[in-house]
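Trainee: Below is a structure I'd like to ask you about.
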Amino acid sequence: MDQEVIDILNLRLLRAHREHGVHLKASWILTTNDMLANLGVVVAGVAAMVFKSPLPDLLIGLVVVGIVLKGGWDILGEAREARRTADSATAGAGS
C-alpha cells in the first residue's frame, strides 16, 4: 500500500514536467509501469485464490512483462528522438 501512495505522489509531481526532458519522461513511464505491475500482482493473487489455480498469476505476469517491455521500448524511442534533436541542433549551430 505504501508503494502505491509513493507512486501516486511521484506521478502528481511528474505530471507537469514529464515533457521537460527524456529523464522525466522515463521517470513517468517507469512509475506508471510500476503502478500497473503492482496492481497486476494484487489482481493475480486474488484471482489465483479465487480460482485455486496458478494460471491467472502466469497470465497476468505475461501482461506485466508486456507492459515493462513496451515501457522500455518507449523510453528508448524518447531517448533516440532526443539524441536526433540534439544532433540536429549541434549540426545547425556549427554551420
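Trainee: Go through the stretch 1-33 and report how many residues are hydroxyl-bearing (Ser, Thr, Tyr) and over 21 Å from Ala79 (Cα atoms). Before the answer, list the steps.
Mentor: From the stretch 1-33, those hydroxyl-bearing (Ser, Thr, Tyr) are 27, 31-32; that's our starting set.
From what's left, over 21 Å from Ala79 (Cα atoms): none.
Residues that pass the stated criteria total 0.
Trainee: Test Ser27 against the criterion of being exposed (fewer than 14 other Cβ atoms within 10 Å of the Cβ) and polar (S, T, N, Q), and give yes or no. Before you say what the answer is, go through the steps one by one.
Mentor: Numbers: exposed (fewer than 14 other Cβ atoms within 10 Å of the Cβ): no; polar (S, T, N, Q): yes.
No.
Trainee: Separate question: If you take just the helices (runs of 4 or more DSSP H) that sit entirely in the chain, which of them hold at least 1 residues that are at pLDDT 80 or above, touching a Gly at 6+ places or on another chain (Cβ under 9 Å) and not aliphatic (A, V, I, L, M)? Before you say what the answer is, go through the steps one by one.
Mentor: Numbers: elements: 2-15, 22-51, 55-94.
Passing ranges, in order: 22-51, 55-94.
Trainee: Can you tell me which residue within the stretch 32-63, out of those that are under 15 Å from the mean Cα position of the chain (by Cα) and of a type in the set (Val, Ile, Thr), is surrounded by the most Cβ atoms within 10 Å (Cβ to Cβ)?
Mentor: Here the answer is Thr32.
Trainee: Just to be sure, is Asp7 surrounded by 17 or more Cβ atoms within 10 Å (Cβ to Cβ), of a type outside the set (Gly, Ala, Ser) and either in contact (Cβ under 8 Å) with a residue 12 or more places away in the chain or on the phi < 0 side of the Ramachandran plot (or both)?
Mentor: Working: surrounded by 17 or more Cβ atoms within 10 Å (Cβ to Cβ): yes; of a type outside the set (Gly, Ala, Ser): yes; either in contact (Cβ under 8 Å) with a residue 12 or more places away in the chain or on the phi < 0 side of the Ramachandran plot (or both): yes.
For Asp7, the condition - surrounded by 17 or more Cβ atoms within 10 Å (Cβ to Cβ), of a type outside the set (Gly, Ala, Ser) and either in contact (Cβ under 8 Å) with a residue 12 or more places away in the chain or on the phi < 0 side of the Ramachandran plot (or both) - is met.
Trainee: If you go through the stretch 54-95, how many residues are under 18 Å from His23 (Cβ atoms), touching a helix residue (DSSP H, G or I) at 6+ places or on another chain (Cβ under 6 Å) and not small (Gly, Ala, Ser)?
Mentor: Looking only at that region, the number is 3.
The values are calculated or read from the model by the stated rules, or taken from the named source; none is laboratory data. All figures in this text were calculated on a predicted structure; none of them were measured in a lab. As a convention, Cβ positions derive from the backbone with ideal geometry for all residues, glycine included, and neighbour counts pool all protein chains shown.
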